[in-house]
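Any read-out appearing in this document is the output of simple, stated calculations on the displayed coordinates, not a laboratory observation. Keep in mind that this is a model prediction, so the values were computed, not measured. Note: ideal-geometry Cβ built from the backbone for every residue, glycine included; neighbour counts use all protein chains shown.
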Amino acid sequence: MALLYGLLWRLLLALLRIKRALVSWLRARLRNRSGSLWERVVAALLLPAALSTDSQKKLERSPVNGSRADSRRAQWLADGRALEKLPVHVGLMVAEEEPSFTDIANLVVWCMAVGVSYVSVYDHHGVFHKNNSRLQEEIVRQQQNLLGLDGSKYNVEFLSNGGDEHQHCVVSCRPTVKVLSPEDGKHSIVQAARKLCHSVENKERSSKDISVSMLDVMLRESKNITDPELVVKFGPVNSTLGFLPWHIRLTEFVSVPSHRNVSYEDLYGALQRYGVCQQRLGQ
């Protein structure tokens, strides 16, 4: 069954790529106002569908207020409750050049809206980590645009790389957001191993204490994050790109072609795929 779901998901991704390529071609043909009669007929038949998709994306991203905001929040929360299982921690991994802060901020807000408690953002070049404040500001802006919330009533914790230190920012009903970089991956494992060895050298621990479980405890204490149940990977690269190698032993990865102009349906499709996946946990 899991293999069947995987094949269906690949088929849907292929259809999505074809659709986007076809829409781009149709727009180019209409701009030129040329081409054969057959091409113009096809454009006339397919363009409404393309325009409706664009209109839906604009609707998802457009600022809201009042009853419309309440309706949108209620709908997204109902979507989260309708899933067979909802991940507590979702990772957003960007494997593309020139990441879009607005699109990632939208994804973070949508995760919050469906009930995800913990969101981590990662890119291999550390762009988001270097521009952490900019991303936080964009999340606040998109949270207010998409959900129409009174920011003074909502508080969230942005975890810094200092471990237990928190940066309190206005976002949504107290979810937690952490921006990760490659330094949080293999480098953190090396640091934890060195710290463990130094504690043995200083006779704070014995050599018998050196074990995988002890290293696991030290890593979790230093990073103060839970294991992600789901990581949504954006881009064509088939690699984890160093994303928290110690924490993803049981993580489900779902690929989406691109994070640019990503829609709520793209994210919810990934959540649905996670909701029906069977995790055998090594059995």
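Values as computed for the structure displayed
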quantity	calculated
Whole-Hz couplings from phi, Karplus 6.51/-1.76/1.60, listed for the range 260-268; x for Gly and Pro	6, 6, 5, 10, 4, 4, 4, 5, 5
FRET efficiency estimate (nearest 0.05) - Cβ-Cβ, GLU265 to LYS85, R0 22 angstrom	0.70
The range 224-283: trypsin sites (Lys or Arg not before Pro) falling in loop per DSSP and having at most 10 other Cβ within 10 Å	ARG249, ARG280
Segment GLN279-ASP209, length gained on full extension (0.36 nm per residue, minus Cα span)	22.1 nm
Pairwise FRET efficiency - ARG68 versus LEU11, Cβ, R0 = 25 Å, nearest 0.05	0.10
Cross-link table LYS85/LYS130; LYS130/LYS233; LYS85/LYS233, entries beyond 25 Å C-alpha to C-alpha	LYS85/LYS130
